[in-house]
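Enquirer: My questions all concern the structure below.
The values are calculated or read from the model by the stated rules, or taken from the named source; none is laboratory data. Computed from a predicted model, the values in this text were never measured in an experiment. Quick reminder, even Gly has a Cβ in these numbers, built from the backbone with ideal geometry, and neighbours come from all protein chains shown.
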Amino acid sequence: MASNPTRLEDSLIHLDELPWGALYRMAVGFSILPAFALAFGRNASGVALAAFFLAVLFLLRLVPGVVRRLLRFSQVAQSTWQTRRQMAKRYDSYQWQKLFWIGLGLAASMAVSGDLRTSRVMLTSICLSAGAAGLVFWRAKHARSQVA
């Protein structure tokens, strides 16, 4: 196993950093409503949308884990990802902040489609508010750790 990351690994490592992480999550958020409509139809229930959204969040955790187990990555990449997983376990705000960017993608998708049904607005609002709170708490925590 190589000790230095390849170009692909370096790209994957940076995918979770600003601005790429935000853009990636916004793209995920933007694609959720069209994918949901494609899979379940435009008139599927809000409960189905919530279940679909939770499934997407689960897959965002599962797929990278499977890829990490199936492919060999450098020590640098493994160490970086391990550190991030530990932060996610230790600080809820590290994970919650990601919802903000997904929520922005959902909002953009609704703006483009004009689909402002209650379930979509509620899901987007929850993502934006919970994500904004996570972002604020994470930034405050990160700022305190930089000073210490």
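Enquirer: Only one residue in ALA77, ALA22 is part of a helix (DSSP H, G or I), farther than 27 Å from PHE137 by Cβ and either touching a residue at least 24 places away in the same chain (Cβ under 8 Å) or not aliphatic (A, V, I, L, M) (or both), so which one is that? Quick ask: steps written out before the conclusion?
Expert: On the way: ALA22 fails: farther than 27 Å from PHE137 by Cβ.
Answer to the selection: ALA77.
Enquirer: If ARG84 satisfies every condition in (1) basic (Lys, Arg); (2) surrounded by 11 or more Cβ atoms within 10 Å (Cβ to Cβ); (3) over 17 Å from the mean Cα position of the chain (by Cα); (4) part of a helix (DSSP H, G or I) but one, which is the exception?
Expert: So ARG84 meets the others, but not (3).
Enquirer: Among the residues of the stretch 1-25, which ones are surrounded by 11 or more Cβ atoms within 10 Å (Cβ to Cβ) and either among the aromatic types (Phe, Trp, Tyr) or more than 12 Å from the chain's Cα centre (by Cα) (or both)?
Expert: Passing the criteria: ALA2, PRO5, THR6, LEU8, GLU9, ASP10, SER11, LEU12, ILE13, HIS14, TRP20, TYR24.
Enquirer: Output the residues belonging to the stretch 26-43 that are modelled with pLDDT under 95 and either of a type outside the set (D, E, K, R) or buried (at least 17 other Cβ atoms within 10 Å of the Cβ) (or both). Explain how you work it out, then say what you get.
Expert: If we filter the stretch 26-43 for residues that are modelled with pLDDT under 95, which is where we start, we get 41-43.
Correct list: GLY41, ASN43.
Enquirer: So which residues in the stretch 60-74 are closer than 16 Å to LEU15 by Cβ and either out of contact with any helix residue (DSSP H, G or I) (no Cβ under 9 Å at 6 or more places or on another chain) or in a helix (DSSP H, G or I) (or both), if there are any at all?
Expert: LEU60, ARG61, VAL63, PRO64, GLY65, VAL67, ARG68, LEU71, listed by residue number.
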